[in-house]
1. Considering only residues that are under 21 Å from residue 64 (Cβ atoms) and not in a helix (DSSP H, G or I), which ones fall in segment 147-183?
2. Does segment 338-353 contain any residue that is in contact with a helix residue (DSSP H, G or I) (Cβ under 8 Å, 6 or more places away or on another chain) and under 24 Å from residue 300 (Cα atoms)?
3. Pairs, please: C-beta under 8 Å, at least 6 apart or cross-chain, first residue closer than 15 Å to residue 84 by Cα and in segment 311-322, second crowded, with 19+ Cβ neighbours inside 10 Å and basic (Lys, Arg)?
4. For residues that are farther than 21 Å from residue 82 by Cα, of a type in the set (Gly, Ala, Ser) and buried (at least 20 other Cβ atoms within 10 Å of the Cβ), tally how many sit in segment 158-176.
5. Can you pull out every residue in segment 386-410 that is of a type in the set (S, T, N, Q) and either closer than 23 Å to residue 83 by Cα or over 17 Å from the mean Cα position of the chain (by Cα) (or both)?
6. Determine the pairs where a residue that is farther than 14 Å from residue 393 by Cα and modelled with pLDDT of 80 or more, located within segment 71-84, has a partner that is surrounded by 24 or more Cβ atoms within 10 Å (Cβ to Cβ) and not aliphatic (A, V, I, L, M) with Cβ atoms under 6 Å apart, the partner being 6 or more residues away or on another chain.
7. Looking at segment 389-434 only, could you name the residues that are β-branched (Val, Ile, Thr) and farther than 17 Å from residue 288 by Cα?
8. Taking only segment 307-322 into account, find how many residues are at pLDDT 90 or above and under 22 Å from the mean Cα position of the chain (by Cα).
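The values are calculated or read from the model by the stated rules, or taken from the named source; none is laboratory data. Fair warning: this is a prediction, and the values are worked out from it, not measured in the lab. Backbone-built Cβ (ideal geometry, glycine too); neighbour counts: all protein chains shown.
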Amino acid sequence: MASSASTISFSEGPLFRQLLSFALPLMAVNILQYVYQAVDMAVVGQVVGDVGLVSMSNAVNAVFLVNAFVIGLSAGGGVVVARAVGAGDVGAQRRAYAATLLVALLASAGIAAAGTLLARPAFTANAVPAAALDGAVAYTTVLCCGAVGPFLMNAAAAFLKAQGDARTPLQLVGVSALVNVALDLVLVGPAGLGVVGAAWATVVAQSVAAVGALVVVRRRFPGGRLAGAFSRSGDVPVGASVIEVLRVGVPSAVQMAVVNLSYALVTGMLNRYGVDVAAAAGVGLQISTIAGLPCWAIGQAITTAAAQCAGAGELARARDVARLGARFNIGVTLGIQVLIQLLAPAIVGLYGLTQGAPFDIAVLYLRITCGVNGLFYAAMYSFDSFALGAGSPRLVLANSLIDAFAVRFGLAFLLSGALGFGYVGIFVAQAASPVIPAIIGGVYLRRWSRSRGVLRER
């Protein structure tokens, strides 16, 4: 590992202080990354109006699906790199990073093709209102064609995080966020591009971050210099490195994609209740997503810390990462949920909804979906993040299927249709989705600890 004050070794030292110092920049990174969509929606809502918001709410679900593959595949590389960091193997770091970049390039090409071909049929099948259809298709197509930027950015950022460096990604994303805001203000309104302008602003901003991240990794870390990563003299072929990254990355990507697909399907159910409900739910989902970003950041910290500790053979410390991280995550999430309950009307108003049915429905969405259920979500994501770092990506995938389809979509279908609760039933199903996976994750941690002889007796 390169010597740097910004890097953290989780295999030694005060664990909570390390998790805190690592997670805080990640929280800011995640918030800034999703600010792209939040700013896009806010500007479009103010300039274009409710129809623009419906276009954005549906398109953002598709973009979240793309981002799921981006983040999930990158996470695979990050876990492999983090284990190599724990083991002190620079050569393995270099191979894992090179394999991650290769996977990122191939995946971005696939996303570009899929987005171009499938955007309109998918949105049509998902009952997007006719007035909002063209905007949703255009936004999604531009973002998919520009997916190489976020893919490469997240690949490089995953390498940096695996080294214990969360500050550099924050700086890079901060610059790109400013670029995004500036371009939004120019392209959406004054340039007259509307929803498409917001998409182009995001693509350019993410590409700026990608270039910066790649340069930093190459200059600062020996494992980030790709020359000789797969030389003939090496004992690990490129195919083996790619498979190792995909073994963790594919389940993680599918897990995140499944969750986001369920949100897209739920959005389709909500679209059938009309523009007011669709616009309100889109705003509510955007707010609740941003509220969950600190939870995801702590989960990312848990994954990196657990992988480093496992790579260094510090299994008891890896167990402590999961337990301490889960308590930390639940505490932070509790504070956020309280704030949302207190400030829901004011937050909804920031998206241009200040009165009438859309305003009332958006506030109701937050009342239901940002409450006690958030504590279960924090526990679920903490345990799943540990499982990913500890080498059990299949558990993460299984939990996502329960969360996304068995409960969020399945229960939403039951409550809204057969039981007659309408869109309120859909909101309730979303709130209930993390309960069972949180319990399963807790059981997994206990069994993992017992099987490795590191179960702490009380």
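1. Once the filter is applied, which keeps residues that are under 21 Å from residue 64 (Cβ atoms) and not in a helix (DSSP H, G or I), segment 147-183 yields only 147.
2. Quick first cut of segment 338-353, residues in contact with a helix residue (DSSP H, G or I) (Cβ under 8 Å, 6 or more places away or on another chain) only: 340-341, 344-345, 347-353.
Checking the rest, the ones that are also under 24 Å from residue 300 (Cα atoms) come to 340.
Scanning segment 338-353 turns up at least one residue that is in contact with a helix residue (DSSP H, G or I) (Cβ under 8 Å, 6 or more places away or on another chain) and under 24 Å from residue 300 (Cα atoms).
3. Note: pairs meeting the criteria are 311/83.
4. Summing the residues that are farther than 21 Å from residue 82 by Cα, of a type in the set (Gly, Ala, Ser) and buried (at least 20 other Cβ atoms within 10 Å of the Cβ) in segment 158-176 gives 1.
5. Residues of segment 386-410 of a type in the set (S, T, N, Q): 392, 399-400.
392, the sole residue that qualifies.
6. Going by the 6 Å Cβ cut-off, the qualifying pairs are 81/93; 81/159; 82/304; 82/308; 83/311; 84/93.
7. So in segment 389-434, the residues β-branched (Val, Ile, Thr) come out as 396, 402, 407, 424, 426, 428.
The answer is 396, 402, 407.
8. Residues in segment 307-322 being at pLDDT 90 or above and under 22 Å from the mean Cα position of the chain (by Cα): 2 in total.
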